[in-house]
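Asks: Quick one: structure below, then a few questions.
The values are calculated or read from the model by the stated rules, or taken from the named source; none is laboratory data. Not measured: the values here are computed from a predicted model. Cβ sites come from the backbone with ideal geometry, for glycine too, and all protein chains shown count toward neighbours.
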Amino acid sequence: MQAKSIAKYIRLSPQKCRLVADQVRSLPVERALEILEFSTKKGSLPMKKVLDSAIANAEHNEGADIDDLWINQVMVDEAPTLKRFRARAKGRGTRILKRTCHITLSVSDEPRISQKK
């Protein structure tokens with residue numbers, strides 16, 4: 001059994017969000033929620049919302065027991081970048097890139113066996 005949740009166009013750079021994703025990958029859901037609750041990283045709040053949504057999907061659609069869920073897969077992909085300009089000296093302007101990301105999180109009732117050795 002698998003349930004997944006997707007959050008799109010999150011106003012956070014993918015690099016910052018991947019730092020949080022690496023902390024919770026392949027953990028039990030209960031432990032991951034604790035880490036996200038007390039993390040000071042900016043990406044912890046959107047990641048927690050996506051995890052809560054995936055848990056709710058698993059409980060409602062699949063009838064899964066919340067205590068047995070594990071994080072199966074976490075992907076943070078780059079989304080379209082907002083391009084803005086800031087005024088500079090002598091009538092010039094510089095480009096500011098406001099990056100966004102898509103978060104995809106999947107939970108299952110079986111722990112994922114890592115293939116790294």
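Asks: What pairs can you find where one residue is in segment 12-30 and assigned to a helix (DSSP H, G or I), the other is among the aromatic types (Phe, Trp, Tyr), and their Cβ atoms are less than 7 Å apart, with a gap of 6+ or different chains?
Replies: Going by the 7 Å Cβ cut-off, the qualifying pairs are Val29/Trp70.
Asks: The conditions are (1) more than 25 Å from Gln15 (Cβ to Cβ); (2) modelled with pLDDT of 95 or more, and Arg95 fails exactly one of them. Which is it?
Replies: (1)
Asks: Further question: Being over 17 Å from Val76 (Cα atoms) and of a type outside the set (D, E, K, R) is the filter here, so list the residues in segment 28-57 that pass it.
Replies: Pro28, Val29, Leu33, Ile35, Phe38, Ser39, Thr40, Ile55, Ala56, Asn57
Asks: More than 17 Å from Leu27 (Cα to Cα) and either among the polar types (S, T, N, Q) or within 21 Å of the chain's Cα centre (by Cα) (or both), is that true of Pro111?
Replies: No: the conditions fail for Pro111.
Asks: Please indicate, with yes or no, whether at least one residue in segment 64-82 is at pLDDT 95 or above, more than 27 Å from Pro14 (Cα to Cα) and of a type outside the set (A, V, I, L, M, F, W, C).
Replies: No.
Asks: I would also like to ask the following. Tell me, which residue of segment 36-51 that is aliphatic (A, V, I, L, M) and crowded, with 16+ Cβ neighbours inside 10 Å is nearest to Asp68 (Cα to Cα)?
Replies: Leu51
Asks: I've got another one for you. In this structure, does Leu105 turn out to be more than 26 Å from Ser53 (Cα to Cα) and of a type in the set (A, V, I, L, M)?
Replies: In short, no.
Asks: Wholly within segment 58-110, which strands (runs of 3 or more DSSP E) include no fewer than the required count, namely at least 2 residues that are touching a helix residue (DSSP H, G or I) at 6+ places or on another chain (Cβ under 7 Å), under 14 Å from Ser5 (Cα atoms) and free of Cβ contacts under 8 Å to residues at least 60 places away in the same chain?
Replies: So the answer is 70-78.
Asks: Moving on to the next point. Here is a list of conditions, (1) farther than 15 Å from Thr104 by Cβ; (2) among the β-branched types (Val, Ile, Thr); (3) in contact with a Leu (Cβ under 7 Å, 6 or more places away or on another chain); (4) free of Cβ contacts under 8 Å to residues at least 60 places away in the same chain, and Ile35 meets all of them except one; can you say which number that is?
Replies: (3)
Asks: Ok, one more. If a residue must be within 16 Å of Asp68 (Cα to Cα), under 13 Å from the mean Cα position of the chain (by Cα) and charged (D, E, K, R), how many such residues does segment 21-35 contain?
Replies: Matching residues across segment 21-35 total 1.
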